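My questions will all concern the structure given below.
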Amino acid sequence: LAAAYAAAGKTDVAKEIIDGLGLKVTAYTEMSGSYGSNVRDEAMILETLALMDEREQAVEVLQNLSDYLSDQRYWMSTQTTAYSLLAIGKFNAETGDSETMQFTYNLNGDGNVKASTELPVVQIDVPVADLSQGKITIENTQSGVLYGRLILQGQPLRGEETASEENVSITVRYKDLDGNTMDISQLNQGDEFLAEVEIYNPSTRGRLEEMALSQVFPSGWEIINTRLNGGPDVYAGDTPEYMDIRDDRVYTYFDLNRGQRKTFRVQLNAAYAGTFYLPAVNCEAMYDNTINARTTGQTVTVQKP
């Protein structure tokens, strides 16, 4: 509300609203609703102080947000990350420095590259496959402060996934259409079967909201999308909030009460002969990375009858 008054030019009213309020927010994480967190709310405080030109208080909040953004042990949702960058961008826009970010960078000694942008944030891809030295040099060629951060991300090599469970458990079974458990390491071409995933909430974190189950299937298997037939899916299991069925994968979204189990099934066909890789099945809360579970992957074979 104070930010709204400040944006409207009524800074006196904005100051009355925030008078006596602190700059810290008690730690919390909301998995649904506003998808908020204490860091997201402190970013809103920074935005408000920047609009009000209260720079002395704003710097204190800015430093705290910078610490969160730089701490690789602290996970931030897209909501929290976006609002933090938005608020920092608004603060920097009021510094009176150059409106253009200018710098040069050098990757592995291959020569300096000049960069310039009017955006508050710029991201540059750094190839790592052929780097022998792994050296990055950045030089700030403007009058304002430039904040640099190196982010490394990737995925486990085939067969190197590890199973884990944190505040939610996952069980994956494969069954024939009569409900009998089967071994999918070696299938006959044309076999139809079910991928059954059971998710259980052990109640360590209360009700789990905005859960996402990700299943990626081998290229030799085909997903049978029974929704295209217009009739009921007799194999589907529990009803999710939404199921996104694509060519080679299925994303399932749902909530889970304390102590509740939900089972989701996908009908499959062993369509193409050959040897393929079945990636790990993963389930996680989209707005809280302390709630997650995953299996390991495995090699599967489809043989001609």
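The values are calculated or read from the model by the stated rules, or taken from the named source; none is laboratory data. For clarity, every value in this text was computed on a predicted model and none was experimentally measured. Methodologically, a virtual Cβ is constructed for each residue, glycine included, from the backbone with ideal geometry; neighbour enumeration extends over all protein chains shown. Each accessible area value is taken on the protein alone, full model and side chains, heavy atoms only, with ligands, DNA and RNA left out. Shrake-Rupley method; radii C 1.70, N 1.55, O 1.52, S 1.80 Å.
What FRET efficiency comes out for SER169 versus LEU85 if R0 is 41 angstrom and r is the Cβ-Cβ distance? Round to the nearest 0.05.
Efficiency for this residue pair is about 0.75.
Measure of size requested: the Rg and Dmax of the chain, with Cα atoms as the atom set and Å as the unit; please supply both.
Rg, Dmax (Cα atoms, Å): 25.2, 80.
Over region 24-177, give the accessible area per residue in Å² for a 1.4 Å probe, as an integer.
66 Å²
While we're on this one: Tell me the per residue accessible area of region 214-304 using a 1.4 Å probe; a whole number in Å² is fine. Intermediate results must be reported in sequence, preceding the final value.
On the way: 4570 Å² over 91 residues.
Ligands and nucleic acids excluded, the result is 50 Å² per residue.
Relative to the longest principal axis of the C-alpha atoms of the chain, give the angle of the C-alpha long axis of helix 55-70, reported between 0 and 90° and rounded to the nearest 10°.
Around 30 degrees separate the two axes.
With charges only on Cβ, +1 for K and R and -1 for D and E, what is the dipole size of the chain about its Cα centre, in debye, rounded to 20?
On the way: 24 positive and 44 negative charges, 109 e Å.
For the chain, the charge dipole is close to 520 debye.
Another question about this same structure. Please report the Cα spread of region 231-286 along all three principal axes, rounded to whole Å, starting with the longest.
Taking max minus min along each principal axis of the Cα atoms, region 231-286 gives 42, 29, 18 Å.
OK, next. Would you work out the Kirkwood radius for region 1-159? I mean one over the mean of 1/r across all pairs of different Cα atoms, in Å.
About 18.0 Å for region 1-159.
Taking Rh as the Kirkwood radius, which is the inverse of the mean 1/r over Cα pairs, what is the Rg/Rh value for region 159-305?
Rounded to two decimals, Rg/Rh equals 0.97.
Let me confirm the definition first: pairs of Lys residues in the chain, 8 or more apart or on different chains, C-alpha distance under 28 Å. How many are there?
So the count of such lysine pairs works out to 9.
Percent of accessible area on the chain owned by carbon and sulfur, 1.4 Å probe? Could the numbers behind the result be given before it?
On the way: 8350 of 18020 Å².
Looking at the chain in its full context, I get 46 percent from C and S.
For the chain, what does -39500 (n - 2.57) per DSSP helix run (n ≥ 4), summed and divided by total residues, give at 222 nm, in deg cm²/dmol to the nearest 500?
Numbers: 5 runs with 60 residues, N = 305.
So the helix-based figure for the chain works out to -6000 deg cm²/dmol.
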